[in-house]
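Working notes, structure below.
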């Protein structure tokens, strides 16, 4: 099924629809390389980590202690390789969200955080997109990730 023309075209459209978010993620690549980091493609998603990326995730993301990883379209930035592996299922849920929401994903994510906060919840933990990603983590916990295609760039 994955080799059918229809499947490939649908996959292409998902990449195009998520492209504005992906372009934001690609802005982190020079920071990763300049700080001794690396990039690699894992199942169609570019994963980036390095000292500069770790600093960015610790200092810029408004969470206590920062974030271990962050998804921007088909780019996942992480503090280090082990964080990327540990958060892969959760971050792939965000990749699928970016594929569904396209350029509306980041504004929708921020609005969902504001709504959660306005209802007296936590802007991160109670965010609709985060709750959905955590639910997918539970659903896919038993999945065997050994079949994921990893390509170093």
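Per-structure values
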| read-out | value |
| --- | --- |
| Residue in segment 41-54 that is within 20 Å of residue 28 (Cα to Cα), surrounded by 15 or more Cβ atoms within 10 Å (Cβ to Cβ), touching a strand residue (DSSP E or B) at 6+ places or on another chain (Cβ under 7 Å) and touching a residue at least 60 places away in the same chain (Cβ under 8 Å) present | yes |
| Which listed residue, of 135, 112, is in a helix (DSSP H, G or I) and modelled with pLDDT under 95 | 135 |
| When residues of segment 3-40 are limited to those that are exposed (fewer than 12 other Cβ atoms within 10 Å of the Cβ) and under 24 Å from residue 85 (Cβ atoms), the one nearest to the chain's Cα centre (by Cα) | 27 |
| Segment 118-129 residues that are part of a helix (DSSP H, G or I), paired with ones that are surrounded by 16 or more Cβ atoms within 10 Å (Cβ to Cβ) and modelled with pLDDT of 95 or more (beta carbon under 6 Å, 6 or more apart) | 128/112; 129/97; 129/109; 129/112 |
| Segments classed as helices (runs of 4 or more DSSP H), wholly inside segment 1-80, with at least 1 members that are touching a helix residue (DSSP H, G or I) at 6+ places or on another chain (Cβ under 6 Å) and farther than 23 Å from residue 100 by Cβ | 29-34, 51-59 |
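The values are calculated or read from the model by the stated rules, or taken from the named source; none is laboratory data. These numbers come from a predicted model, not from an experiment. FYI the Cβ positions are ideal-geometry reconstructions off the backbone, even for glycines, and counts take in every protein chain you see.
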